[in-house]
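What follows is a short report on a single structure.
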């Protein structure tokens with residue numbers, strides 16, 4: 001499978017939901033497979049909080065493939081022999097698209113930092129749509145994403161009705177609830193409590209312990225309490241003393257490792273801006289009611305949730321289904337039986353890849 | 001109701017589970033009600049992570065009463081007209097009992113800090129028992145506590161069989177599971193990430209932002225996700241801008257406030273040591289099996305859990321009941337229907353105060 005990593009630069013301003021704008025701005029993206037002549041085999045993949053445009057395949061020398069490689073590739077559920085798959089790095093992120101550590105003007109040597117405008121999920125989708133327009137893509141076969149990616153899929157269905165044939169939001173919500181806003185807040189304040197963060201003026205490349213600790217907080221809800229039990233139990237690190245203050249249970253070592261790695265590959269301000277985008281997410285904003293928001297969706301929607309998701313609960317996606325039914329939309333709801341937790345959408349691909357390929361093949365169309 | 005706050009000083013060493021010792025050491029405690037002639041009306045109250053010996057009543061000029069004032073007092077469920085109630089500040093804490101910020105030797109001007117030994121729940125209970133011996137108390141009517149206090153109640157039943165008539169652990173567990181160890185770890189690392197913590201050598205009275213952020217993490221599990229919804233929804237702080245990066249939802253303002261207050265009244269090292277004690281808690285340590293541990297308990301045990309507790313799940317307390325049944329112990333399990341969350345044991349006293357008074361009056365004795 002061929003991976004093409006590209007950068008699109010735009011000089012026309014990107015007007016944001018806040019009323020502010022980005023000018024110029026750019027978006028990094030990757031494609032897999034070939035665009036057909038009719039340009040009607042395009043699938044947009046939307047990534048989660050710490051994700052990137054690198055959804056599938058391996059770069060030369062890489063040990064690990066892209067984050068949804070189990071789902072995307074030749075002969076896989078999202079079959080790159082059939083489909084032209086695009087995944088973009090969202091604006092606000094730190095993998096090549098315009099974000100808080102970008103220069104305010106090219107060559108200005110001044111980075112946005114806290115001057116960067118607040119970005120919303122709506123803005124991310126708008127930027128992606130401009131890219132697709134630029135590529136001459138008039139129609140999507142599908143938009144598919146999990147977690148923050150699912151928010152984008154939902155938003156695309158609302159903001160650009162008729163643009164995608166299938167909308168597939170996974171492990172997500174329609175309105176970020178107070179509990180998740182609280183988790184996000186704890187992460188943001190943990191970063192801000194780090195003196196080296198310097199209120200956003202940290203040195204480029206500085207290692208921020210506060211960001212490592214914030215990542216550990218995130219990990220508390222990526223797997224379920226019962227998965228914590230299964231993976232770690234009360235195993236203690238063999239070389240650590242039980243009565244050493246900083247001696248570690250295996251689960252602590254796991255958090256410590258993943259936390260410690262994070263500042264090496266993710267930017268603190270991008271993390272804060274994306275958390276803010278997630279907290280602000282509410283499909284009802286800009287409409288008189290949630291019903292009005294959901295009634296915008298003209299495409300076929302397939303909701304996929306996981307029974308053991310303790311971050312975005314299945315109950316929340318069942319509510320989307322209720323709203324869609326209420327407004328007479330076309331919506332199917334699938335709840336995958338799993339106690340793994342929120343990360344199921346990344347880890348338990350075997351449990352829903354057939355469902356994805358069935359949707360894409362049109363085999364569930366007669367169920368509406 | 002009369003409050004007596006006292007300090008007991010011991011010169012004989014306190015031998016700890018780690019093999020280390022404290023010498024000298026002291027314990028702060030409070031009593032309510034009067035000890036009767038037979039000294040058989042004593043109830044020991046054991047406190048949670050951020051609790052103290054001040055369980056009931058108001059000090060002169062105080063706005064807020066002790067942390068379990070709804071339960072303890074004249075004519076209340078734990079009736080101070082009948083019972084002599086004792087609550088001690090656990091060793092390791094920061095309200096007057098020996099802890100990491102105590103002087104190594106009185107007058108030495110050197111504080112323990114990271115030289116303080118790791119304390120376990122077993123050690124806390126041992127210290128309390130020594131105090132009770134010193135006070136000439138040979139028998140408890142009951143030991144009652146929630147969360148970390150429930151761990152102490154359970155431990156007392158195991159380590160001093162026959163000492164208490166009734167063991168009443170509330171909203172707790174018998175073995176801290178990986179999920180909770182992970183939460184504790186995230187809090188500990190958030191404190192350590194604060195440069196002002198200086199690896200435990202922070203200045204006395206220094207305000208530690210890392211401790212404030214750690215407290216916010218704790219708050220994520222004190223109430224349930226649905227209580228977050230009910231209390232806060234998606235209300236935004238009226239004076240904050242929706243698209244200001246640090247503009248706040250009400251739930252963020254709530255976390256910020258409670259987080260910011262915490263370093264003013266709690267010590268960072270005590271917090272770390274008590275979190276470590278909770279993570280290490282396992283009634284099976286020192287026994288060949290959990291069955292063997294539970295078979296030590298000779299007293300009547302009443303377990304109280306809350307259906308919506310998302311920190312120590314009811315499932316965990318049902319397991320205690322199973323073990324007690326297996327070893328032929330006397331144990332009753334009560335699950336209070338509530339979706340409030342873990343803090344129910346502090347907040348929803350109306351839901352279980354009758355149960356407590358019934359237990360103390362012996363009215364449930366015939367159910368064994």
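Every read-out reported here was derived from the displayed coordinates using simple, explicitly stated rules and does not represent laboratory data. Keep in mind the model is a prediction, meaning the values are calculated, not measured. Backbone-built Cβ (ideal geometry, glycine too); neighbour counts: all protein chains shown.
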Legend entry - Candidates A:110, A:335, A:17, ranked by Gaussian network fluctuation over chain A, Cα under 10 Å, top entry: A:110
Inset, instruction - Please figure out what share of the DSSP beta bridges in the protein assembly as shown is antiparallel and state it in percent, rounded to the nearest 5. - result: 40 percent
Inset, instruction - Within 10 Å of each Cβ in peptide A:172-185, how many partner chain Cβ atoms are there on average? Round it to a whole number, please. - result: 6
Legend entry - Span from the the range A:330-358 Cα centroid across to the the range B:256-300 one, whole angstrom: 37 Å
Inset, instruction - Taking every pair of alpha-carbon atoms in the range B:180-277, give the share separated by more than 22 Å as a whole percent. - result: 37 percent
Legend entry - Peptide-level mean, for A:256-265, of C-beta atoms on other protein chains within 10 Å: 1
Inset, instruction - Compute from the Cα atoms of the range A:132-202 the Rg and the Dmax, the latter being the longest Cα-Cα distance, and quote both in angstrom. - result: 17.4, 48
Inset, instruction - For n ≥ 4 DSSP H runs only, could you compute -39500 (n - 2.57) per run for chain A, divide by its residues and tell me the 222 nm figure to the nearest 500? - result: -9500 deg cm²/dmol
Inset, instruction - With all distinct Cα pairs included, what does the Kirkwood hydrodynamic radius of the range A:259-338 come out to in Å, to one decimal, could you say? - result: 14.9 Å
Legend entry - Descending semi-axes in Å of chain B, equivalent ellipsoid built from Cα gyration tensor: 31, 26, 21
Inset, instruction - Pick out which of A:272, A:130, A:167 has the largest mean-square fluctuation in a Gaussian network model of chain A, springs linking Cα atoms closer than 10 Å. - result: A:130
Inset, instruction - Take residue B:39, project a point 7 Å from its Cα along the Cβ direction, then tell me which residues of the range B:79-98 have their backbone nitrogen under 18 Å from it. - result: B:83-88
Inset, instruction - Could you tell me what % of all Cα pairs in the range A:1-107 have separations over 21 Å? - result: 41 percent
Inset, instruction - Kindly give the distances from residue B:307 to its copy-mates, label point to label point, with each label point 7 Å from Cα along Cα→Cβ, as nm values to one decimal ordered shortest first. - result: 1.9
Legend entry - Among A:46, A:88, A:310, residue whose mean-square fluctuation peaks in a GNM of chain A (springs only between Cα atoms under 10 Å): A:310
Inset, instruction - Find the relative contact order for the range B:198-283 and round it to a whole percent, using C-alpha pairs within less than 8 Å whose residues are 6+ positions apart. - result: 38 percent
Inset, instruction - Shortest first and in nm with one decimal, please list how far the residue B:2 label point sits from its counterparts in the other copies (point 7 Å along Cα→Cβ). - result: 9.1
Inset, instruction - Evaluate the relative contact order of the range B:111-247 (contact order divided by residue number), counting alpha-carbon pairs under 8 angstrom at least 6 apart; express in whole percent. - result: 16 percent
Inset, instruction - Could you tell me which of rounded, prolate or oblate describes the range A:52-160, using a ≥ b ≥ c as the square roots of the eigenvalues of the alpha-carbon gyration tensor, with rounded for a/c under 1.5 and, failing that, prolate when a/b is larger than b/c and oblate otherwise? - result: oblate
Legend entry - Antiparallel bridge percentage (DSSP; both residues within chain A; nearest 5): 40 percent
Legend entry - Mean separation of Cα contacts under 8 Å (6+ apart) over length of chain A, as relative contact order %: 17 percent
Legend entry - Projected area averaged over orientations for the protein assembly as shown, convex hull of C-alpha atoms, nm²: 34.4 nm²
Legend entry - Pair residue B:315, residue B:353: separation of 7 Å Cα→Cβ label points (nm): 3.3 nm
Inset, instruction - Subtract the Cα-Cα distance of residue B:288 and residue B:134 from 0.36 nm times their separation in residues, and report this length gain in nm to one decimal. - result: 52.2 nm
Legend entry - Counting DSSP beta bridges with both ends in the range A:37-191, the antiparallel % (nearest 5): 5 percent
Inset, instruction - Sort shortest first the distances from residue A:292 to its counterpart in every other copy, using label points 7 Å along the Cα-to-beta-carbon line, and give them in nm. - result: 6.9
